[in-house]
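Read the structure below first, then the notes.
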Amino acid sequence: MRTCIILCVILLFCVPQKPALAAKKDHAWAFGVASIIPGLGQALQGNVLEGLGWLSSTLVAWRFRIMPQKIIEYNMYDSYRDAGADDTSKENWFQNYTATFNPLNIIDPIGGPIAVGYGFIVSPMPGVGGPIYLRIPMYAMVGWGEEGLFRGFLYPAFSHLFDSRFLGAVASSALFGVAHYQYTWSNRFFLMGVGMLWSWQLTRNRYDLRKNIFSHSWVDIVSSLKANIELDPRNTADTKRQGAGIRFSLNYVFDL
């Protein structure tokens, strides 16, 4: 509680005046990085109340263990977009999160096959926990946060840094793979390839994240539901463990 109060005071009283739009756009990446401390990037832009909203949301999620890291990830993209970055879209956090539940988002030549195809090549394994009605919004939060960070923020930021969309996709996808440190290196390289495809998808959709989020979320949701249906009843006790194990047919094992 004491830490929360200190952070709120910093956001309220130790931020500069609202910067000009041109200055914000030139340093949009810096505001995104600043929001690794939830809400700081928004507060530095003069949007103190919005910053406090992100901070309080993260703290509540941390208190109740509702994936606070995903809020931080999306918050970094939100701050980058608020700074006026050209390679973003206007949708707010709620519109992007609910994209997972819009079936029309499956109509995409890249994201659609990724979302559906994985569901047919996975096989169940013990360790899938939690009721379905909770797992669906949880995986929606995973897609929302990770696509916000790796595709919404890092991909265009690296593209500007290297003056190349291809290198931007490589750099952001490499970080996407490495960030999944619990996997083997072969699994990480596989994720890098998927990240490249999602970067391509985002470019085709003019940096609208909604179909990316849909695709990413349903990779996890479909895999989880299939595992839940085919799970051997003898493994029921194991399903009480936290986390979800997803085994791909090519020995790609993920514990998301």
Looking for whichever is open to solvent by 70 Å² or more (accessible area, probe 1.4 Å), small (Gly, Ala, Ser) and at pLDDT below 85 here; the options are Ala237, Ala227. Which one fits?
Ala237
Go through the range 61-90 and report how many residues are closer than 18 Å to Gly39 by Cα, more than 15 Å from the chain's Cα centre (by Cα) and among the acidic types (Asp, Glu).
1
Residues of the range 47-95 being small (Gly, Ala, Ser) and open to solvent by less than 40 Å² (accessible area, probe 1.4 Å), in sequence order, are Gly51, Gly53, Ala61, Ser79, Ala83, Gly84, Ala85, Ser89
Trp218, sole failed condition from (1) open to solvent by less than 50 Å² (accessible area, probe 1.4 Å); (2) at pLDDT below 95; (3) under 21 Å from Asn105 (Cβ atoms):
(1)
Of the residues in the range 39-72, those that are more than 18 Å from Glu146 (Cα to Cα) and in a loop (DSSP other than H, G, I, E, B) come to Gln45, Gly46, Asn47, Phe64
Hey, Leu191 touching a Lys or Arg at 6+ places or on another chain (Cβ under 8 Å) and buried (at least 18 other Cβ atoms within 10 Å of the Cβ) or not
no
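The values are calculated or read from the model by the stated rules, or taken from the named source; none is laboratory data. Remember, it's a predicted structure, so these values are computed and weren't measured experimentally. Neighbour counts are summed over all protein chains in view; Cβ atoms, including those assigned to glycine, are modelled from backbone coordinates with ideal geometry. Just so you know, the surface numbers come from the protein's heavy atoms only, side chains and all, with ligands and any DNA or RNA stripped out. Shrake-Rupley method; radii C 1.70, N 1.55, O 1.52, S 1.80 Å.
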